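The values are calculated or read from the model by the stated rules, or taken from the named source; none is laboratory data. Given the structure is predicted, the values throughout are model-derived calculations rather than measurements. Ideal geometry is used to build each Cβ from the backbone, glycine not excepted, and the neighbour counts take in all protein chains shown.
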Amino acid sequence: MERLFKFVYKYRAFFTFLLLQLFCAWLVVENNQYQSTRYFNSSNRIAANIISTSQNIREYFALRDINTELAGENATLRKQLDERNQLIEEYGLSQLKNAVIINRFEYISAKVINNSTNQYKNFITINKGAAQGLTPGMAVISQQGAIGKVKSVSDQHAVLISLLNIDDHVSSKIKRTGHFGTIQWDGTDPRLIDLRYIPRHVNPAVGDTIVTSGYNAVFPEAILIGIIKDVKLSEESPFYQIKVELAQDFSKLAFVEVVKSNLRAEQDSLEVTTKGIQR
């Protein structure tokens, strides 16, 4: 502190001159309209640049939250497109007034916080759980296509059984021909999955689109799964051997949408009562 006082005392003439210069500048600004206008315009411009830079920095560090919000918005838009475009064909325009039909699916966005692709049985962990309405058995999709199903849930997290799991089966169909089969991974290449039980009288072709069939109340119909990459047929085999390139690269999976089917309980109950079928 003593050194600071000595420094100020030593250069007291300079500091006095500086204070007088600032005082004179203030008098000029206060008593002259032109200088006052120039000063405030310049100061406002500098302040605006500082605020803009500060806002850009805040937005950069808030990109994670922004991505989460965009994922939620995408989930809402997906629901609207699904209900307006597909249900018109299935039920007719007049049925769009039926709230039960319109709201048969709800979409809940979530962030992937753990994921594996190099095991025979791969699972995905997301940051939404029972507190957000998730229950086991719900379908999971992404912007690119089908992902899997909810396996188990806690209050704030859920574990999904991935399509890259040898125990997972998804009812699917060839979009061009309408023939149904089952998607199941063979545990080898995480970019390819098998389409099984397509009979030999069908004519599948490389490049055909594979989508969900809608034959249960879990997945919405026509969710993209992938594109046929290879087709083989043995002489003695009743079914084709078909390899499908997945639409979603699971190694790059960041956000998903959990599909809540509001009609699933009704369909399951009816099938159990009628045929003794239980999922």
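Here are a few things to note about the model shown:
- Qualifying positions in the range 148-187 - closer than 19 Å to residue 243 by Cβ and β-branched (Val, Ile, Thr): 166, 170, 174, 177, 182, 183
- Any hit, the range 165-186, residues being among the acidic types (Asp, Glu), within 30 Å of residue 125 (Cβ to Cβ) and in contact (Cβ under 8 Å) with a residue 40 or more places away in the chain: yes
- Among the residues of the range 222-242, at least one is over 18 Å from residue 166 (Cβ atoms), in contact (Cβ under 8 Å) with a residue 60 or more places away in the chain and buried (at least 19 other Cβ atoms within 10 Å of the Cβ).
- Residue check, residue 5 exposed (fewer than 10 other Cβ atoms within 10 Å of the Cβ), part of a helix (DSSP H, G or I) and modelled with pLDDT of 65 or more: yes
- Candidates 149, 173 - the one that is among the charged types (D, E, K, R) and touching a Phe, Trp or Tyr at 6+ places or on another chain (Cβ under 6 Å): 173
- Count of residues meeting criterion [within 23 Å of residue 107 (Cβ to Cβ) and of a type in the set (A, V, I, L, M, F, W, C)] in the range 194-221: 5
- Within the range 102-130, considering residues that are exposed (fewer than 15 other Cβ atoms within 10 Å of the Cβ) and over 19 Å from the mean Cα position of the chain (by Cα), the one farthest from residue 165 (Cα to Cα): 103
- Only one of 198, 193, 166, 174 that is within 23 Å of the chain's Cα centre (by Cα) and at pLDDT 95 or above: 193
- The set of residues in the range 147-174 that are surrounded by fewer than 15 Cβ atoms within 10 Å (Cβ to Cβ) and charged (D, E, K, R) comprises 155, 167.
- Residue check, residue 101 assigned to a helix (DSSP H, G or I), among the hydrophobic types (A, V, I, L, M, F, W, C) and at pLDDT below 70: yes
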